[in-house]
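Comments concern the structure below.
Each value in this text was obtained by applying a stated rule to the coordinates, not by laboratory testing. As the structure is a computational prediction, the values presented were derived from the model and not from experiment. In this analysis, Cβ positions are derived from the backbone assuming ideal geometry, glycine residues included, and neighbour counts consider all displayed protein chains.
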Amino acid sequence: MRILKLGLPKGSLQESTIRLFGKAGYKVTVPDRSYTPSIDDPEIECLMFRAQEIARYVEREVLDAGLTGKDWITENEADVLEAEDLVYSKASTKPFRWVLAVPEDSEIQSVRDLEGKRIATELVQATRKYLQEHGVSAEVEYSWGATEIKAPSLVDAIVEGTETGASLSAHNLRIVDTVIESSTKLIANHKAWADPWKREKIKVLGMLLKGALEADAKVGLKMNVAKAKLEEISAQLPALHTPTISEQADPDWVALEVVIDEQVVRDIIPKLKKAGAEGIIEYPLNKVIY
């Protein structure tokens, strides 16, 4: 049997990744203290590493494919193929940012003010590249953790990852600029991508994961509509595509079904009801495939 060796991220992305695989139709189980999760697809073999390492192991062909952040691909300068962009992080479906931050009372207002200064970060290579692009010479040192508390006592500034900026604010730090914006990528090495079977397996996996992410922000709506009011009701639906309309036993009525953004449902349902829609049902989606 052909096997695809897939790297899954251990740590902050672990739980959100396993949930995403579940919505995509794959059951992933991680035994306690194990680095070899089981998956209910006999053609996939999973190994679990820190997200920081996965791009390197994919490039070295230890793994055929894996999920890791764009930040760590950049940091490792890994020569890999990005098969799919999956915008999710540990707590949300928003891109993850690495930001340049300084103490609230710091005189540093822009990256150019860092000339000759010292910066602490876990993302050393990407930060050096960022400084080089802005023509700034500064010392960048690796931070082993607790980066937020190092400015201003140990360094002049930090580059730290954030989703909301709340932790930085709690440590009285001010964001100056975004160094790199990152999202999770499904990556593959060149050898695996050149193999037709593995390439197709990776592409199908990417399609299903992407579909599960797309479904997170959408719901299905189903309702009964009198044909006399169909045009009026259809005009109020911001549909993904033209609504699906099915005939009913009563020739004067139809069943209308549509996929819409979840955030607009609470505003639309009262309007649909007022316009004459009946039997309105809202239901969650697992995947939306474009």
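Between helix 196-216 and the chain, what is the angle of the helix's C-alpha long axis to the longest principal axis, kept within 0 to 90° and rounded to the nearest 10?
In the chain, helix 196-216 runs at an angle near 70 degrees to the longest axis.
Any chance you could tell me what percent of the C-alpha pair distances in the range 157-208 go past 17 Å?
That fraction is 56 percent.
Here is the link list: Lys129/Lys203; Lys5/Lys210; Lys129/Lys287. Which ones come out longer than 27 Å on Cα distance?
Lys129/Lys203; Lys129/Lys287
In degrees between 0 and 90, to the nearest 10, how far off the longest principal axis of the chain does helix 124-133 point, with axes built from Cα atoms?
90 degrees
Local charge sum around Val288 (other residues, Cβ-Cβ under 13 Å, Lys/Arg +1, Asp/Glu -1)? Intermediate results must be reported in sequence, preceding the final value.
Working: positive: Lys23, Lys210, Lys218, Lys287; negative: Glu214, Asp216, Asp261, Glu262.
Once positives and negatives cancel, what remains is 0.
What is the gain in length, in nm to one decimal, between Asp40 and Asp261 on full extension, counting 0.36 nm per residue of separation less the C-alpha to C-alpha distance?
76.5 nm
Quick one: work out Rg over Rh on the C-alpha atoms of the range 155-270, Rh as Kirkwood radius.
Details: Rg = 23.4 Å, Rh = 19.4 Å.
In the range 155-270, Rg relative to Rh is 1.21.
If I model a spin label as a point 7 Å beyond the Cα along the Cα-Cβ vector, how far apart are those points for Glu181 and Ile281 in nm?
Taking the simple label geometry, Glu181 and Ile281 are separated by 3.9 nm.
Just in the range 19-112: which trypsin sites (Lys or Arg not before Pro) are loop by DSSP and have at most 12 other Cβ atoms within 10 Å?
Lys27, Arg33, Arg60
DSSP loop GluC sites (Glu not before Pro) in the range 1-66 with at most 13 other Cβ atoms within 10 Å of their Cβ, which ones?
Of the GluC sites (Glu not before Pro), the ones in loops of the range 1-66 whose Cβ has at most 13 other Cβ atoms within 10 Å are Glu43, Glu61.
Report the full-extension gain for the segment Glu104 to Ile3: residue separation times 0.36 nm, less the Cα-Cα distance, to one decimal in nm.
Here the answer is 31.1 nm.
Over all directions, average the projected area of the Cα convex hull of the range 7-137 and note it in nm².
Approximately 10.0 nm², given one-decimal rounding.
Could you check the spin-label model distance between Glu82 and Val204? Points 7 Å from the Cα along Cα→Cβ, value in nm.
In this crude spin-label approximation the distance works out to 2.6 nm.
Cα centroid distance between the range 2-55 and the range 102-121, in Å?
39 Å
Report, in deg cm²/dmol and to the nearest 500, the calculated mean residue ellipticity at 222 nm for the chain, where each DSSP H run with n ≥ 4 adds -39500 (n - 2.57) and the sum is divided by the residue count.
Working: 9 runs with 84 residues, N = 290.
After summing the helix terms and dividing by residue count, I get -8500 deg cm²/dmol.
Nearest 10 degrees, 0 to 90: what angle lies between the long axis of helix 265-275 and the longest principal axis of the chain (Cα atoms)?
Rounded to the nearest ten degrees, it is 20.
May I have the extent of the alpha carbons of the chain along their three principal axes, as whole Å values ordered from largest to smallest?
78, 55, 36
Among bridges DSSP assigns within the chain, what percent are antiparallel (round to 5)?
75 percent
In Å, what is the Rg of the alpha-carbon atoms in the range 218-284, and how long is Dmax?
10.9, 33
Sticking with the crude label model, points 7 Å out along Cα→Cβ, report the distance from Lys273 to Asp32 in nm, one decimal please.
According to this spin-label approximation, the distance is 4.9 nm.
Mind pulling up the Rg/Rh value for the range 92-219? Radius of gyration and Kirkwood radius, both on Cα.
Values: Rg = 18.8 Å, Rh = 16.8 Å.
Rg divided by Rh gives 1.12.
Counting other C-beta atoms within 10 Å, and keeping those with at most 15, which DSSP coil GluC sites (Glu not before Pro) do you find in the range 143-236?
Working: sites: Glu148, Glu160, Glu163, Glu181, Glu200, Glu214, Glu231, Glu232; in loops: Glu163.
Listed in order of number, the matching sites are Glu163.
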